[in-house]
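Notes for the one structure printed next.
Derivation of every value follows stated rules applied to the coordinates shown; laboratory data play no part. Keep in mind that this is a model prediction, so the values were computed, not measured. As a convention, Cβ positions derive from the backbone with ideal geometry for all residues, glycine included, and neighbour counts pool all protein chains shown.
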Amino acid sequence: MKFVAVTSCPTGIAHTYMAAESLEQAATAAGHEIVVETQGAGGSEPLDTSVIAEADAVIFANDVEVVAKERFAGKPLVTSGVKGAINNGPALIAQAEEAVKNAPVGAAVPAAAAAAAAGADTGPRLATKVSEGDSWGTKLRQWLMTGVSYLIPFVAAGGLLIALGFALNTIAQGDQGYLVTDQADAFRAGLAEGEVLFSATSLADWATLAFVIGQAAFGLIVPVLAGFIAFAMADRPGIAPGFVAGVVAGLVGAGFLGGIIGGLLAGGFVMWLKRVKLPFAFAGVWTVVVIPLVGSLVVGGLMILVLGQPIAALQEGLTNWLESLSGGSIILLGVILGLMMAFDMGGPVNKVAYFFGVASLTTSLEQGTEVGLQIMAAVMAAGMTPPLALALASTLRPNLFTPSEQQNGKPAWLLGASFITEGAIPFAASDPLRVIPSIMAGSALTGGLVMAFGSTLQAPHGGIFVVPFIGDPWLYLLAILAGMVLSAVLVIAAKSTKKAEHQLHDAEVGAGIPATV
Amino acid sequence: MTVTDTGGLITTEMVDLHLEAPDKDSATRHLAEMLVAAGRITDLEGFLADVRAREAQMPTGLEGGIGIPHCRSEHVTVPTVGFGLSPSGVDYGAADGPADLIFLIAAPAGADSDHLKILAALARRLVRQEFKDNLRAATDPAAAAHYIRTEVTP
């Protein structure tokens, strides 16, 4: 058999290499091939992708987190501490043999293919190794979605804490009291003087506290976005220049757009720096010192001196355009976003719409405007309806669905309620021409209605669980319900005509093609 | 043969083939003092604190009678190993009992990966039975130091 292994330990000078040697000895003695990547201080030669692809199983002997685990996706895996590998290498090799034998058929897919397949649909995967075959457009999307996936927890924490601050303050003081924004300014001024203006018995103080912490989380959004875009492009060396570019984007008022451009610049520049061929002796210093230093200076300098003002102007234009949307045009925007959310249920088009929603949300939260919150609300609602509609349809008329589709109906309720549009995929995959137009119609209705109602959402995700944070929650639920019912009716109608045809021709029984899950 | 012991991973004065110590702290201290005398460590107490910090994360004793106290420390000048053979054994926390082969591995904090390759090579030798057997049979410190230096090549 062929194995690959990764070893790593806290200090990175002894156990890492002892474990590697021990595994090599044990594998060779048992008649296997093994290639070990030592993630220690004494240099780490990354495993060749072709070696990983050919491996039957993966062994991690690690006491610190393995770097770039995603390369091994889909392989049978055996894990142990480094000491286990050193003290008893043969046992670990025997476990790996077992893992290969017990692995489900087809599990040993080439890791690159698995990572590419997963990366194409689930942005949140660490796209540090964007597969070579992908087009630049696909890579760009993976880079951006990597940045967004790291950004979302910050938006969630910041947005919800800010919303909580507003809500608590309204409870504490009513609509006529002090503004939580003013209280937050006073609170921060106090902190700067070394005073904590907080009383545990004052609800208004709790509101201020939540608000201030939420704003602190928000301050990290653009740097995190830029930093992890650069990380996706250039791996760890990209992080420092990326974060710096993000902070600089904030300094010049270039906002979210500046974060994206700064992150891409930093990632691209570090990718180029990494290609410089150096004598091995300089490699460590190059990665740890030179790349962060030069990358930060060059990209930060570019952002401040050259690109900052144009991007800031562009960001302002975009913000003003969003602000100008009202009445019919904002409803049309909701309809278009709804169509996009349902079109490929988590695919590229859906992600573009989602990205637009998150970008609008953060821009609006930064500037204290409403329209971005409405856009986010429309995007989430339109993304929730497809699985809900199919769950409803398969509950109402189970005989129109195959047994496996009926099975998928139950989890689809939860997936839809949690804003995981992918829950609709099993239905769409087996009958795309009837399902996709139906769910697009429902999502378009939902998106348009949310805009018409003017619901606002301060969180980037969460589905039904963040509805309490939504302005006008009942109207919001009504919009979701309307789209859900429309889609369900259309799906049932489309499938009924199909069934009628089938009976007419006395051909296939039931829903035809089995669902591919 | 005149081996000028001015450089390399280990020299004669960093070998003790009759290491007697009641516990791992004093065994480590004894080996570290040899490295201080050889000019490889600039600050004994600072270095020992770094070793203890590493040891506290997880004992460095390994099955088969090996103890490898080690750390990366700013008090280390070049990658160095001190070797002690302890016939009576010193407990380094391994499950199967005390260690008779003790290697104090000292890595400079700021060293780049190329520098540390020598220590990686040493670590790999430590799991080879032949290497351990030969060191257990050593009687002459100079020969032992020479053996380690020639065996361990990155």
Which one, B:Ala121, B:Pro108, B:Thr77, projects farthest toward the positive side of the charge dipole computed for the stretch B:5-154 from Cβ point charges (K/R +1, D/E -1)?
B:Ala121
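Among rounded, prolate and oblate, which fits the stretch B:53-148 when a ≥ b ≥ c are the square roots of the eigenvalues of its C-alpha gyration tensor, a/c under 1.5 means rounded, and a/b larger than b/c means prolate?
Cα axes put the stretch B:53-148 in the oblate bin.
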Loop-only GluC sites (Glu not before Pro) in the stretch A:48-102, please: DSSP not H, G, I, E or B, and at most 15 other Cβ atoms within 10 Å.
A:Glu65
Would you list, by chain and number, the lysines whose Cα falls below 30 Å from the Cα of A:Lys69, excluding same-chain residues fewer than 8 positions away?
A:Lys2, A:Lys83, A:Lys101, A:Lys129, A:Lys139, A:Lys274, A:Lys277, A:Lys351, B:Lys117
Which residues make up the longest stretch of chain B clear of GluC sites (Glu not before Pro) that lie in a DSSP loop with no more than 15 other Cβ atoms within 10 Å, not counting the sites?
B:75-154
Which residues qualify? For A:Phe419, with a placed amide H closer than 5 Å and at least 5 residues away or on another chain, they are A:Ile464
Looking at the protein assembly as shown only, what percent of DSSP beta bridges run antiparallel? Nearest 5 please.
30
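Which of the helices in chain A meet the span-like rule: DSSP H, Cα axial reach of 27 Å or more, Kyte-Doolittle mean at least 1.0?
A:255-274, A:371-396, A:432-453
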Using only the alpha-carbon atoms of the stretch A:136-322, report the extent along each of the three principal axes, biggest first, to the nearest angstrom.
66, 40, 29
If each residue of separation counts as 0.36 nm, what is the full-extension length gain between A:Leu414 and A:Trp136 once their alpha-carbon separation is subtracted?
96.6 nm
What distance in nm separates the simple spin-label points at B:Ala49 and A:Trp321, each placed 7 Å from Cα in the Cβ direction?
5.9
For A:Lys498, list the aspartates and glutamates whose Cα falls under 14 Å from its own Cα; do not include residues on the same chain fewer than 8 positions away.
A:Asp431, A:Asp506, A:Glu508
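Between B:Asp96 and B:Ala56, what length comes free when the chain is fully extended (0.36 nm per residue of separation minus the Cα-Cα distance, one decimal in nm)?
So the chain would gain 12.5 nm between B:Asp96 and B:Ala56.
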Along the dipole axis of the stretch A:136-322 (charges at Cβ: +1 for Lys and Arg, -1 for Asp and Glu; origin at the Cα centre), the most positive-end residue among A:Ala312, A:Thr181, A:Trp272 is A:Trp272
Within chain A, helix-based [θ] at 222 nm, where runs of 4 or more DSSP H residues each add -39,500 (n - 2.57), nearest 500
-22000 deg cm²/dmol
Taking the convex hull of the alpha carbon atoms in the protein assembly as shown, what volume per residue do you get, in Å³?
206
Determine the dipole magnitude for the protein assembly as shown: charges of +1 sit on the beta-carbon of Lys and Arg, -1 on that of Asp and Glu, nothing else is charged, the reference point is the Cα centre, and the result goes in debye to the nearest 20.
1620
Separation in nanometres of the label points that stand 7 Å from Cα toward Cβ, at A:Gln367 and A:Val64
4.4
Pull out the extension gain between A:Trp474 and A:Glu33, defined as 0.36 nm times the separation in residues minus the alpha carbon to alpha carbon distance; nm, one decimal.
152.5 nm
Which distance in nm do the two modelled labels at A:Leu396 and B:Arg136 give, with both placed 7 Å along the Cα-to-Cβ direction?
7.9
